[in-house]
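The values are calculated or read from the model by the stated rules, or taken from the named source; none is laboratory data. Given the structure is predicted, the values throughout are model-derived calculations rather than measurements. Every residue, glycine as well, gets a Cβ built from its backbone with ideal geometry; the counts of neighbours run over all protein chains shown.
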Amino acid sequence: MSLLTGVSYTMWASAALVFARVVAMFATAPVTGASVLPPTVRILLAMLVAYFALGLGVPAAPPPEAVFPLALLAQVLIGAGIGLLATLMFTLFHTAGAMLDAELGFTVAQVFNPFSAAGEETLIANWFDAFGTYLFLAVGGVQLLLLAAVQSLRIVPIDVARLTLHAGVLAGGVQAFTGSFLIATELAAPIILALLIIDLVGAVLGRLMPQLNVLSFNIPVKMWLGIGLVAVALPLLIDAAHMGVLQLGQDLTQYLGGV
């Protein structure tokens, strides 16, 4: 018996399952999952991608009608996993900015304004987030997500009613986390090293001239030097974005292979 009057189960089930996977990916992915994008736009984009995916001839044979709810849940989990992997890789910009904020002393602003929202005063991290969003769009991050959505329908068809998670899923998540952290560390390490040298110079001056207020020397010098080094290191952000997208492609391949 059909779930929808006048429409066969085969006709609407395939579209519903593909749409569920794509909309779950959009809801958790960077840029499309942001609160600035209205849910209506997100749903319309998911419908458009699902329509084109079906038009490309991806395997779209639905499972038996009795297990449709389980298949629908499986599609949501697969799509959410793709989006979360992309978000995890995208956070490398915020991680690098947070490291620099801690070294530059910008996080002290939250001490003086304890009623501010968490992360509101972290200047470099917020700036890295905005610039990282632009770079994610510029280097083809969204195109990679769309390709991953279509390819996932070929690798893991929509007729799965349950997920058999192999070691590749966990390995893909661990690889995405470590890859994101390593790229962020490589991005922030040269600037942090220069700031540590300033700390060392301040410590030596404090020993040689006890009357010198080391804090009044270190804090402004580190802030201005750090901002200057961030400006000089802007090309490194572009390289980090390229490395992040390449790493994301590898992580998605390993994740889908383990589902």
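Of these, G172, G179, which one is closer than 18 Å to A98 by Cβ, touching an Asp or Glu at 6+ places or on another chain (Cβ under 9 Å), surrounded by 15 or more Cβ atoms within 10 Å (Cβ to Cβ) and modelled with pLDDT under 75?
On inspection, the qualifying residue turns out to be G179.
Go through (1) at pLDDT 80 or above; (2) buried (at least 17 other Cβ atoms within 10 Å of the Cβ); (3) farther than 18 Å from A148 by Cβ one by one and return the number of the condition P63 breaks.
Of everything listed in (1) at pLDDT 80 or above; (2) buried (at least 17 other Cβ atoms within 10 Å of the Cβ); (3) farther than 18 Å from A148 by Cβ, P63 misses just condition (1).
Return the only residue of T107, T40 being surrounded by fewer than 19 Cβ atoms within 10 Å (Cβ to Cβ) and modelled with pLDDT of 80 or more.
Result: T40 is the single residue among T107, T40 that is surrounded by fewer than 19 Cβ atoms within 10 Å (Cβ to Cβ) and modelled with pLDDT of 80 or more.
Return the pair list, or none, for Cβ contacts closer than 6 Å from residues in region 175-200 that are touching a residue at least 40 places away in the same chain (Cβ under 8 Å) and farther than 20 Å from A231 by Cβ to residues that are of a type in the set (D, E, K, R) and buried (at least 17 other Cβ atoms within 10 Å of the Cβ), at least 6 apart or on different chains.
Q175/D251; A176/D251
Read through the list (1) farther than 20 Å from Y255 by Cα; (2) surrounded by fewer than 19 Cβ atoms within 10 Å (Cβ to Cβ); (3) at pLDDT 70 or above, then give the number of the only condition that M11 fails.
That leaves (3) as the condition not met.
Filter region 142-162 down to the residues that are surrounded by fewer than 23 Cβ atoms within 10 Å (Cβ to Cβ) and of a type outside the set (A, V, I, L, M), then identify the one that is farthest from A50 (Cα to Cα).
Going through the qualifying residues, I end up with R162.
Based on what the data block shows, is E186 modelled with pLDDT under 75, more than 25 Å from L73 (Cβ to Cβ) and part of a helix (DSSP H, G or I)? Talk me through it step by step, then tell me what you get.
Working: modelled with pLDDT under 75: yes; more than 25 Å from L73 (Cβ to Cβ): yes; part of a helix (DSSP H, G or I): yes.
Criteria met by E186.
From the list A71, A117, A96, which residue is at pLDDT below 80 and either surrounded by fewer than 22 Cβ atoms within 10 Å (Cβ to Cβ) or part of a helix (DSSP H, G or I) (or both)?
A117 is the lone residue from the list that is at pLDDT below 80 and either surrounded by fewer than 22 Cβ atoms within 10 Å (Cβ to Cβ) or part of a helix (DSSP H, G or I) (or both).
Looking only at region 193-202, how many residues end up being surrounded by fewer than 18 Cβ atoms within 10 Å (Cβ to Cβ) and within 21 Å of L92 (Cα to Cα)?
2
Would you be able to tell me the number of residues in region 203-232 that are modelled with pLDDT of 75 or more and either closer than 29 Å to N126 by Cα or buried (at least 16 other Cβ atoms within 10 Å of the Cβ) (or both)?
The number of residues fulfilling the criteria is 13.
Kindly establish whether V150 is at pLDDT 80 or above and within 22 Å of Q250 (Cβ to Cβ).
When the stated conditions are applied, V150 passes them.
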